[in-house]
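The structure appears below as structure tokens.
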Amino acid sequence: TTQRARIGELLGQVRDLEAEWTQEAIARITTENTTLKQRVRQLTADNRTLEERLKAARSNLRFQDKRIADLEAQLADPGDP
């Protein structure tokens, strides 16, 4: 009996909470949630692209640093081709 009474109270609380949400509000929140999920996916993809660009830029920089070091070595020792 106590358990059934408690279940009844909880179900009443759930109904009260559901009554506070209109169908319009639920639809709006669902739409906003979908939009936010899409935005998260887009930002994740953008972040991945930027990370790939950064990796490529760092690789290019390492190559250029090596090339500069080689050229500086050639300038320091002009007899060595």
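The values are calculated or read from the model by the stated rules, or taken from the named source; none is laboratory data. Computed from a predicted model, the values in this text were never measured in an experiment. Side chains included, ligands, DNA and RNA excluded: accessible areas come from the protein's heavy atoms. Shrake-Rupley method; radii C 1.70, N 1.55, O 1.52, S 1.80 Å.
One table, with the values for the structure above:
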item: Segment 1-57: number of residues that are open to solvent by 100 Å² or more (accessible area, probe 1.4 Å), outside any helix (DSSP H, G or I) and of a type in the set (Val, Ile, Thr); result: 1
item: So residue 24, is it acidic (Asp, Glu) and at pLDDT 85 or above; result: yes
